[in-house]
Amino acid sequence: VQLQASGGGLVQAGGSLRLSCAASVRTFSRYAMAWFRQAPGKEREFVAAMSWSGDSTYYADSLKGRFTMSRDNAKNTVYLQMNSLKPEDTAVYYCAARYGSRGRVESSEYDYWGQGTLVTVSS
């Protein structure tokens, strides 16, 4: 499984970005997906996870209401819509995949990782 994240960039505080993660796998609908992020000098942290069918989604408590994860199994792609961005959202954002129905919040549960896309939020 190869994952390609895109959509990062520089945005002003209060702005929005939509990240995409395209997966090169024939059975994408059998993989739960997640987004994590890593800010400079900090550990990687959980952002959101979604089941393989898209019927259940988990978010980090601090991001609920601002970030929305979705997936399009026909396009082998997951998305992360980020609104009302803050400077503290600045990080490299990674998508991850695990074979199985349920998303997990622990990064160790994921077998495949994208290369990351940098999001920079200016104040």
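Note: relative contact order over the stretch 3-103, using C-alpha pairs below 8 Å and six or more positions apart, is 38 percent.
Under the simplified labelling scheme, the Ser70-Ser108 pair shows an inter-label distance of 3.5 nm, with each label point 7 Å from Cα along Cα→Cβ. Average accessible surface for the chain: 51 Å² per residue, computed with a 1.4 Å probe over protein heavy atoms with every protein chain in place. Just to be sure I understand the curve: with the Debye formula and one point per C-alpha of the chain, what is log10 I(q)/I(0) at q = 0.12 Å⁻¹? The Cα Debye sum returns log10 ratios of -0.37. Residue separation of Ser24 and Ser101 scaled by 0.36 nm, minus their Cα-Cα distance, works out to 25.9 nm of gained length.
Local charge for Ser20 was computed over the other residues whose Cβ lies under 14 Å away, with Lys and Arg +1 and Asp and Glu -1, and equals +2. Here the Kirkwood formula puts the hydrodynamic radius of the stretch 39-104 at 12.9 Å, using every distinct Cα pair. Give me the lysines in straight-line cross-link reach of Lys42: C-alpha distance below 25 Å, same-chain residues under 8 apart excluded. The qualifying lysines are Lys64, Lys86. Ranking of Tyr31, Tyr58, Tyr99 by solvent-accessible surface, largest first: Tyr99, Tyr58, Tyr31 (1.4 Å probe, protein heavy atoms only, all chains present). Please name whichever of Val119, Tyr93, Gly54 sits farthest to the positive end of the charge dipole of the stretch 41-120, dipole taken about the Cα centre and charges placed at Cβ: Lys and Arg +1, Asp and Glu -1. Value computed over the given set: Gly54.
Projected onto planes of every orientation and averaged, the convex hull of the alpha-carbon atoms in the stretch 10-52 covers 4.4 nm².
Of all DSSP beta bridges confined to the chain, the antiparallel ones make up roughly 90%. So, with a 1.4 angstrom probe, what is the percent of accessible area on the chain that is carbon and sulfur? Whole-percent figure for carbon plus sulfur exposure: 44.
Can you pull out the trypsin sites (Lys or Arg not before Pro) in the stretch 1-35 that DSSP calls coil and that have at most 11 other Cβ atoms within 10 Å? Numbers along the way, then the final one.
Working: sites: Arg18, Arg26, Arg30; in loops: Arg26.
In loop regions of the stretch 1-35 (DSSP not H, G, I, E or B), the sparsely surrounded trypsin sites (Lys or Arg not before Pro) are Arg26.
The values are calculated or read from the model by the stated rules, or taken from the named source; none is laboratory data. This one's a predicted model, so the numbers in the text were calculated from it and none came from an experiment. Note that we place each Cβ from the backbone using ideal geometry, even for glycine, and neighbour counts take in every protein chain shown. Ligands, DNA and RNA are stripped out before the accessible areas are found, and what is left, the full protein with its side chains, is counted by its heavy atoms. Shrake-Rupley method; radii C 1.70, N 1.55, O 1.52, S 1.80 Å.
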